[in-house]
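The values are calculated or read from the model by the stated rules, or taken from the named source; none is laboratory data. Fair warning: this is a prediction, and the values are worked out from it, not measured in the lab. When we count neighbours, we look across all protein chains shown, and the Cβ atoms used for this are built from the backbone with ideal geometry, even at glycine.
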Amino acid sequence: MKAETIHPVENLSGQLELPGDKSISHRYAMIAALSQGTSELRNFAAARDCHSTLGCMKALGARIKVEGTTVGITGQGLHGLKSSWRALDAENSGTTIRLLSGILSGQEFTTKISGDASLQKRPMKRVVTPLRQMGANIRAKDDSFPPLEIHGTKLRAIHYQMPIASAQVKSAVLLAGLYAEGTTEVTEPAKTRDHTELALEEFGAKLEKRGRTIAIHGLGGKNGKGALQARSLDVPGDLSSAVFFIAAASMFPESHLYIANVGLNPTRSAVLDFFQQMGAALSVVNLQSKQGELVGDIGVKGARLKGGLIAGDLVPLLIDELPMLAALGPYTEQGIEICQAQELRVKESDRIAVLADNLQRMGAKVEQRPDGLKVEGRSAGKLRGAEIDPRGDHRIAMAFAVAGLGAAGETRILDADCAGVSFPTFYGELRRLTGG
């Protein structure tokens with residue numbers, strides 16, 4: 001496991017183009033494999049998680065050709081997947097195992113799917129429950145954890161009222177709805193990212209949206225009407241990855257950063273609104289719609305950030321960005337407080353506990369709570385360099401690499417390579433933009 005040493009810097013300046021959006025890449029790959037014809041996906045995410053999805057779809061019979069960041073996927077139609085001779089390996093990707101569970105529930109064969117030690121500790125009951133209501137036959141360890149054994153069967157349409165806002169659960173049910181007779185509806189308690197809905201429509205599925213309810217019309221059995229069609233698509237730059245550089249640039253008065261071709265989907269861009277509420281100097285230009293997704297460029301200058309509270313409906317909209325925002329807390333005037341975010345306990349790590357531990361190692365004043373944490377601002381004192389243990393969590397590693405840029409002394413990130421789960425070139429880009 002490789003460690004990375006972070007040195008204090010004076011600013012962050014230059015231009016950055018980000019790897020393709022993880023969330024969108026996952027969804028395009030899965031739906032392309034269910035479509036008729038060959039799809040071309042450009043700027044596909046370099047993240048290991050998304051290549052785990054490609055590996056699973058290939059094992060299920062899709063023909064996949066990877067040339068740099070362009071991926072060609074030849075699907076055999078909605079019912080063209082084949083049984084894999086071995087268990088599918090989602091590795092560290094919760095998105096892969098949860099979304100694929102919806103697709104596999106409607107097949108005519110049995111599939112086993114698992115992942116690494118971290119993934120095997122992540123709860124699947126929230127996905128298994130609605131899929132079972134649709135008629136799926138799914139077995140799980142302790143009825144909640146991977147590995148999963150999914151016996152595909154004929155599914156029935158349901159109206160599912162989600163108890164907890166989760167884009168992954170919503171997506172699994174909508175993907176299963178492709179195989180159900182009739183119309184499957186999902187009502188979410190708070191708005192979550194809608195990449196699955198946009199991707200399904202782009203490939204030809206029929207959806208309807210009424211407030212927080214999304215309905216998908218099943219394409220029925222083998223003789224059902226309609227089919228998904230292959231598409232040629234560009235994946236926008238990953239906004240969640242941009243957040244690490246927005247935070248870093250905001251920390252230093254002399255920073256000037258330009259981030260090109262970033263996905264600005266309204267269900268994801270709440271993080272930019274939050275930065276602006278804190279006083280960040282952000283500008284968005286060249287805004288345009290590409291294949292249903294908003295894309296634009298972001299300019300960032302250094303600013304004195306106020307800090308703020310993240311709670312309620314804002315939590316699911318910022319769920320992936322919370323580690324960076326928490327680690328940014330000591331560089332703000334009032335600090336950062338995160339509430340009603342117990343979901344962080346069951347991510348790639350217990351992110352609440354790991355954030356609190358590593359912030360305290362750097363000298364931050366932190367109050368850990370069951371559903372979040374409170375991080376004191378500048379008045380609690382300057383951070384000092386420390387040895388950071390991200391516990392194999394990519395977002396924790398990157399968040400503390402950024403925090404280390406403004407700390408006194410060196411910061412050493414253990415198991416730094418875990419950042420490759422979402423952003424393999426992260427440290428190189430950070431060094432380039434800081435002159436390191």
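Results for (1) buried (at least 20 other Cβ atoms within 10 Å of the Cβ); (2) touching a residue at least 40 places away in the same chain (Cβ under 8 Å); (3) in a loop (DSSP other than H, G, I, E, B); (4) not assigned by TED's automatic domain parsing to the domain that holds Ala59, shown as yes or no for each residue.
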| site | (1), (2), (3), (4) |
| --- | --- |
| His79 | no, yes, yes, no |
| Ser83 | no, no, yes, no |
| Thr95 | yes, yes, no, no |
| Glu108 | no, yes, yes, no |
| Ala117 | no, no, yes, no |
| Gln120 | no, no, no, no |
| Val128 | yes, no, no, no |
| Thr153 | no, yes, yes, no |
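Which of the numbered conditions does Val66 fail, given that it passes all the others? Conditions: (1) under 27 Å from Thr267 (Cα atoms); (2) part of a strand (DSSP E or B); (3) assigned by TED's automatic domain parsing to the domain that holds Glu181; (4) not polar (S, T, N, Q).
(1)
Pick from Asp389, Asp371: which is of a type outside the set (A, V, I, L, M, F, W, C) and over 21 Å from Leu309 (Cβ atoms)? Break it down stepwise before answering.
On the way: Asp371 fails: over 21 Å from Leu309 (Cβ atoms).
Just one listed residue meets the conditions, Asp389.
If we keep just the residues of segment 336-354 that are in contact with a Leu (Cβ under 6 Å, 6 or more places away or on another chain) and not aliphatic (A, V, I, L, M), which is modelled with the lowest pLDDT?
This residue is Arg351.
Consider Ala172 against the criteria (1) crowded, with 16+ Cβ neighbours inside 10 Å; (2) of a type outside the set (Lys, Arg); (3) more than 24 Å from Glu343 (Cβ to Cβ): it satisfies all of them except one. Which criterion is unmet?
Evaluating Ala172 over (1) crowded, with 16+ Cβ neighbours inside 10 Å; (2) of a type outside the set (Lys, Arg); (3) more than 24 Å from Glu343 (Cβ to Cβ) leaves (3) as the failure.
Can you tell me which condition Glu40 does not meet? The list is (1) outside any loop (DSSP other than H, G, I, E, B); (2) under 27 Å from Thr153 (Cα atoms), and all the others hold.
Glu40 satisfies every listed condition except (2).
Within segment 8-37, track down each residue that is assigned to a loop (DSSP other than H, G, I, E, B) and in contact with a strand residue (DSSP E or B) (Cβ under 6 Å, 6 or more places away or on another chain). Outline the logic, then answer.
Let us first name the residues in segment 8-37 that are assigned to a loop (DSSP other than H, G, I, E, B), namely 8-12, 18-19, 21, 34-35.
Answer for segment 8-37, where residues must be assigned to a loop (DSSP other than H, G, I, E, B) and in contact with a strand residue (DSSP E or B) (Cβ under 6 Å, 6 or more places away or on another chain): Leu12, Leu18, Asp21, Leu34, Ser35.
Take residues that are out of contact with any helix residue (DSSP H, G or I) (no Cβ under 8 Å at 6 or more places or on another chain), without any contact (Cβ under 8 Å) to a residue 60 or more places away in the chain and surrounded by fewer than 22 Cβ atoms within 10 Å (Cβ to Cβ) and tell me which of the helices (runs of 4 or more DSSP H) falling wholly in segment 323-436 contain 2 or more. Explain how you work it out, then say what you get.
On the way: elements: 351-361, 394-404, 426-434.
Fully inside segment 323-436 and qualifying: 351-361, 426-434.
Checking Arg210 against (1) crowded, with 16+ Cβ neighbours inside 10 Å; (2) not assigned by TED's automatic domain parsing to the domain that holds Gly308; (3) not aromatic (Phe, Trp, Tyr), which test does it fail?
All conditions pass for Arg210, except number (1).
Here is a yes/no grid of residues against (1) assigned by TED's automatic domain parsing to the domain that holds Glu188; (2) surrounded by fewer than 17 Cβ atoms within 10 Å (Cβ to Cβ); (3) not in a loop (DSSP other than H, G, I, E, B):
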{"position": "Ser283", "(1), (2), (3)": "no, yes, yes"}
{"position": "Leu287", "(1), (2), (3)": "no, yes, yes"}
{"position": "Val295", "(1), (2), (3)": "no, no, yes"}
{"position": "Ala303", "(1), (2), (3)": "no, no, no"}
{"position": "Lys306", "(1), (2), (3)": "no, yes, no"}
{"position": "Leu309", "(1), (2), (3)": "no, yes, yes"}
{"position": "Val315", "(1), (2), (3)": "no, no, yes"}
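Please determine whether any residue of segment 15-23 is over 17 Å from Gly75 (Cα atoms), touching a Gly at 6+ places or on another chain (Cβ under 9 Å) and surrounded by fewer than 19 Cβ atoms within 10 Å (Cβ to Cβ). Steps first, please.
Looking only at segment 15-23, we keep the residues that are over 17 Å from Gly75 (Cα atoms), and these are 15-23.
When the remaining residues are screened for being touching a Gly at 6+ places or on another chain (Cβ under 9 Å), the result is 16-21, 23.
Next, only the ones that are surrounded by fewer than 19 Cβ atoms within 10 Å (Cβ to Cβ) stay: 17.
Looking through segment 15-23, at least one residue is over 17 Å from Gly75 (Cα atoms), touching a Gly at 6+ places or on another chain (Cβ under 9 Å) and surrounded by fewer than 19 Cβ atoms within 10 Å (Cβ to Cβ).
Report whether or not Lys170 is within 23 Å of the chain's Cα centre (by Cα), outside the structural domain of Val271 (by TED's automatic domain parsing), assigned to a helix (DSSP H, G or I) and closer than 22 Å to Ala270 by Cβ. Give the steps one after another, and end with the answer.
Working: within 23 Å of the chain's Cα centre (by Cα): yes; outside the structural domain of Val271 (by TED's automatic domain parsing): yes; assigned to a helix (DSSP H, G or I): yes; closer than 22 Å to Ala270 by Cβ: yes.
Answer is yes for this residue.
Taking the condition of being modelled with pLDDT of 95 or more and surrounded by fewer than 18 Cβ atoms within 10 Å (Cβ to Cβ), how many residues in segment 255-273 meet it?
Residues flagged as modelled with pLDDT of 95 or more and surrounded by fewer than 18 Cβ atoms within 10 Å (Cβ to Cβ) within segment 255-273 amount to 4.
Which condition breaks for Leu198 when tested against (1) closer than 25 Å to Ile113 by Cα; (2) modelled with pLDDT of 95 or more?
So the condition that Leu198 fails would be (1).
Within segment 282-292, identify whether any single residue is touching a residue at least 24 places away in the same chain (Cβ under 8 Å) and under 21 Å from Ala403 (Cβ atoms), and answer yes or no.
Step one: of segment 282-292, the residues touching a residue at least 24 places away in the same chain (Cβ under 8 Å) are 282, 290-292.
From the residues that got through so far, the ones that are under 21 Å from Ala403 (Cβ atoms) too are 282.
Within segment 282-292, one or more residues are touching a residue at least 24 places away in the same chain (Cβ under 8 Å) and under 21 Å from Ala403 (Cβ atoms).
Taking segment 387-436, which residues are basic (Lys, Arg), more than 21 Å from the chain's Cα centre (by Cα) and over 20 Å from Asn43 (Cβ atoms)?
Filtering segment 387-436 for residues basic (Lys, Arg) gives 391, 395, 412, 431-432.
Narrowing the set further to residues that are more than 21 Å from the chain's Cα centre (by Cα) leaves 412, 431-432.
Residues satisfying the conditions are Arg412, Arg431.
Just to be sure I understand the filter: pairs with C-beta atoms under 9 Å, separated by 6 or more residues or on different chains, first member in segment 227-251 and without any contact (Cβ under 8 Å) to a residue 24 or more places away in the chain, second member of a type outside the set (Val, Ile, Thr). Which pairs pass?
none
I'm trying to understand the selection: among the residues of segment 109-123, which are at pLDDT 95 or above and in contact with a Gly (Cβ under 9 Å, 6 or more places away or on another chain)?
Residues satisfying the conditions are Phe109, Thr110, Thr111, Gly115.
Does segment 212-222 contain any residue that is closer than 24 Å to Leu60 by Cα, of a type in the set (A, V, I, L, M, F, W, C) and in a helix (DSSP H, G or I)?
no
Would you say Ala59 is free of Cβ contacts under 8 Å to residues at least 40 places away in the same chain, among the small types (Gly, Ala, Ser) and surrounded by 19 or more Cβ atoms within 10 Å (Cβ to Cβ)?
Values: free of Cβ contacts under 8 Å to residues at least 40 places away in the same chain: yes; among the small types (Gly, Ala, Ser): yes; surrounded by 19 or more Cβ atoms within 10 Å (Cβ to Cβ): yes.
Spelling it out, Ala59 is indeed free of Cβ contacts under 8 Å to residues at least 40 places away in the same chain, among the small types (Gly, Ala, Ser) and surrounded by 19 or more Cβ atoms within 10 Å (Cβ to Cβ).
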